[in-house]
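Just below is one structure, and these are the notes that go with it.
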Amino acid sequence: MKITDARVFVCSPGRNFVTVKIYTDAGVYGLGDATLNGRELAVVSYLQDHLLACLIGRDPFDTEDIWQYFYKGAYWRRGPVTMAAIGAIDMALWDLKGKALNTPVYNLLGGKSRHQILCYTHANGRDVAETLEKVAALVEKGYQAVRVQSGVPGLENIYGIAEKGRSYEPALRGNRPAEEVWDTAKYLRHVPKLMAQIRDQFGEDLHVLHDSHHRLTPIEAARLGKELEPFHLFWLEDPVAAELQEGFQLIRQHTTTPLAVGEVFNTIFDCHQLITHQLIDYLRVTVSHGGGLTPLKKMAALAEVYHVKMGCHGASDMSPICLAACLHLGIAVNNFGIQEYMGHNDLANEIFPHEYRFERGFLYLTDAPGLGIDFDESSVSSYPYQQAYLPLSRLTDGTLSNW
Ligand code: CS2
Ligand code: MG
């Protein structure tokens, strides 16, 4: 089998998605997600102008060599744009391989280690009362795990909180980023009160997760982790910006609250110290941004040695193709923790028809070959790209801080 063509498509059913499609002389094609929220066109160019032509004539089964060709062969390695481009190609090749062998990708990753995949979704309220309502509605739907975020008294609009009646989408349309105001002291005073009310209303069985979204210093994160210990969180996510991996030692010294990090990582080199020094409990690297299934299965294997479980990023700003790939990895690896699942709007689900399904807190795969998903190319003309940016954040004195 030989690759005969490779193309990249951008469609925007409510938000932008970038899709790679690789065609072969056997008529089988593979799909990959190359979406990088707020920087989509950079990945499109990296693919269109530098990578896709190099695929023509290659054997699509050669996933390892093709990955190395684009990673080591690039000279300029790593970074979110590069690795999202490589990740989409790699995902498409695994999809192709499964289809050609008429087997689901998970069978190429070790087969099923479980029959269902625990997932969590987001409960975002503008205040505690609205957050409690959102959690109750999700518990009603059967979720066993919920990420809980709420507005902070005294702060107008912060990360993770949707406008009333709207689902949360962080990227805002426009030709420059929106600016949000942040105050750590207010946030640190608020979160323990929020979690106390969550536990009062929902008890101890519900898995509760929280995302600090890179905003604290290590000692602030240590304080928060310690103050949240009575509420037994499933995880505290991205407590600090993780360029400084050794900064997590300071958090670890002070708290047993489990830590989850990695959605902004794109290679093992971003997190190998976090894993080997057991500074985290869950690894959030996702298949698209992490360079594909080829490196993700290696990261999962290293993590397994150090008791770190996989908790792939699965926000709605990655396409259903990436979610499908995360599910094939998640059902296969032994050290699976949980899968983020925000779901997608109806139009996106129509454009990306898929086999995975949600039922009462778990996601399920079928034995459909490949990743079990397709892509409607006509969506490109119907829903063209719309420029959008992730917001940025400033402290009340105007200092630029982590969003
Ligand atoms: C968040 C994401 O889902 C999460 O854990 O950190 O919503 C993140 O803010 C977005 O993916 C950014 O595009
Ligand atoms: Mg996050």
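Counting just the residues of the stretch 61-82 that are among the small types (Gly, Ala, Ser) and under 20 Å from residue 265 (Cα atoms), which one comes out modelled with the lowest pLDDT?
Across the stretch 61-82, the extreme among qualifying residues is 74.
What do you reckon, is residue 169 out of contact with any strand residue (DSSP E or B) (no Cβ under 7 Å at 6 or more places or on another chain) and either within 16 Å of ligand 1 (Cβ to nearest atom) or within 27 Å of residue 244 (Cβ to Cβ) (or both)?
Answer is yes for this residue.
Looking at (1) crowded, with 22+ Cβ neighbours inside 10 Å; (2) within 23 Å of the chain's Cα centre (by Cα); (3) not β-branched (Val, Ile, Thr); (4) not in a helix (DSSP H, G or I), find the lone condition where residue 85 falls short.
Just one mismatch for residue 85, condition (4).
Give me the pairs, please: first residue somewhere in the stretch 381-392 and closer than 17 Å to residue 9 by Cβ, second residue anywhere and away from ligand 2 (no atom under 16 Å from the Cβ) and at pLDDT 95 or above, beta-carbon distance under 6 Å, and either six or more positions apart or on two chains.
Going by the 6 Å Cβ cut-off, the qualifying pairs are 383/11; 383/12; 383/13; 385/10; 385/12; 385/16; 386/12.
Which members of the stretch 344-403 meet the condition of being β-branched (Val, Ile, Thr), under 26 Å from residue 22 (Cβ atoms) and modelled with pLDDT of 95 or more?
Correct list: 351, 366, 373.
Regarding the stretch 309-330, can at least one residue be identified that is modelled with pLDDT of 95 or more, over 25 Å from residue 242 (Cβ atoms) and among the acidic types (Asp, Glu)?
No - not one qualifying residue is present in the stretch 309-330.
Looking at residue 355 and the list (1) surrounded by 21 or more Cβ atoms within 10 Å (Cβ to Cβ); (2) over 16 Å from residue 88 (Cβ atoms); (3) not hydrophobic (A, V, I, L, M, F, W, C), which single condition is not satisfied?
Status for residue 355: all satisfied but (1).
Residues in the stretch 225-242 that are within 16 Å of ligand 1 (Cβ to nearest atom) and assigned to a loop (DSSP other than H, G, I, E, B): how many?
Total satisfying the criteria: 6.
Kindly evaluate residue 252 against the criterion of being more than 23 Å from residue 310 (Cβ to Cβ) and in the same structural domain as residue 311 (by TED's automatic domain parsing).
Spelling it out, it is not the case that residue 252 is more than 23 Å from residue 310 (Cβ to Cβ) and in the same structural domain as residue 311 (by TED's automatic domain parsing).
Quick test for you: out of 58, 15, 39, 114, pick the one residue that is within 22 Å of residue 267 (Cα to Cα) and either at pLDDT below 95 or of a type in the set (Lys, Arg) (or both).
39
Check residue 284 against each of (1) within 16 Å of ligand 1 (Cβ to nearest atom); (2) surrounded by fewer than 24 Cβ atoms within 10 Å (Cβ to Cβ); (3) within 27 Å of residue 232 (Cα to Cα) and name the one condition it does not meet.
For residue 284, the failing item is (2).
When the residues of the stretch 207-255 are narrowed to those that are touching a residue at least 60 places away in the same chain (Cβ under 8 Å) and at positive phi, which ends up farthest from ligand 2 (Cβ to nearest atom)?
So, considering only residues that are touching a residue at least 60 places away in the same chain (Cβ under 8 Å) and at positive phi, the one farthest from ligand 2 (Cβ to nearest atom) is 214.
Tell me, which residue of the stretch 1-33 that is acidic (Asp, Glu) and surrounded by fewer than 19 Cβ atoms within 10 Å (Cβ to Cβ) is nearest to residue 347 (Cα to Cα)?
The residue in question is 5.
For residue 314, state whether it is in contact with a Leu (Cβ under 7 Å, 6 or more places away or on another chain) and within 16 Å of ligand 1 (Cβ to nearest atom).
It is true that residue 314 is in contact with a Leu (Cβ under 7 Å, 6 or more places away or on another chain) and within 16 Å of ligand 1 (Cβ to nearest atom).
Output yes when any residue across the stretch 163-174 is of a type in the set (Asp, Glu), within 21 Å of residue 235 (Cα to Cα) and exposed (fewer than 12 other Cβ atoms within 10 Å of the Cβ), and no when none is.
No - not one qualifying residue is present in the stretch 163-174.
Could you count how many residues in the stretch 371-403 are more than 27 Å from residue 178 (Cβ to Cβ) and either in a loop (DSSP other than H, G, I, E, B) or in the same structural domain as residue 30 (by TED's automatic domain parsing) (or both)?
Here the count works out to 7.
Of all strands (runs of 3 or more DSSP E) completely enclosed by the stretch 135-220, which ones contain at least 1 residues that are charged (D, E, K, R) and under 23 Å from residue 394 (Cα atoms)?
By residue number, 179-182, 207-211.
Of all residues in the stretch 35-80, count the ones that are within 16 Å of ligand 1 (Cβ to nearest atom) and either free of Cβ contacts under 8 Å to residues at least 24 places away in the same chain or among the hydroxyl-bearing types (Ser, Thr, Tyr) (or both).
1
Restricting attention to the stretch 338-357, report how many residues are touching a Cys at 6+ places or on another chain (Cβ under 9 Å) and under 30 Å from residue 305 (Cα atoms).
Of the residues in that region, 4 qualify.
Which one of these is among the hydrophobic types (A, V, I, L, M, F, W, C) and either touching a His at 6+ places or on another chain (Cβ under 9 Å) or farther than 22 Å from residue 400 by Cα (or both): 181, 139?
Only one candidate passes the filter, namely 139.
Can you find a residue in the stretch 318-334 that is in contact (Cβ under 8 Å) with a residue 60 or more places away in the chain, within 16 Å of ligand 2 (Cβ to nearest atom) and either over 18 Å from the mean Cα position of the chain (by Cα) or buried (at least 16 other Cβ atoms within 10 Å of the Cβ) (or both)?
yes
Could you please tell me which pairs satisfy a Cβ distance under 6 Å, a separation of 6+ or placement on different chains, a first residue in the stretch 102-120 that is at positive phi, and a second residue that is modelled with pLDDT under 95 and part of a loop (DSSP other than H, G, I, E, B)?
So the pair list comes out empty.
The values are calculated or read from the model by the stated rules, or taken from the named source; none is laboratory data. Keep in mind that what you see is a predicted model, and the values were worked out from it rather than measured. Glycine also receives a Cβ, built like all others from the backbone with ideal geometry; neighbour counts cover every protein chain displayed.
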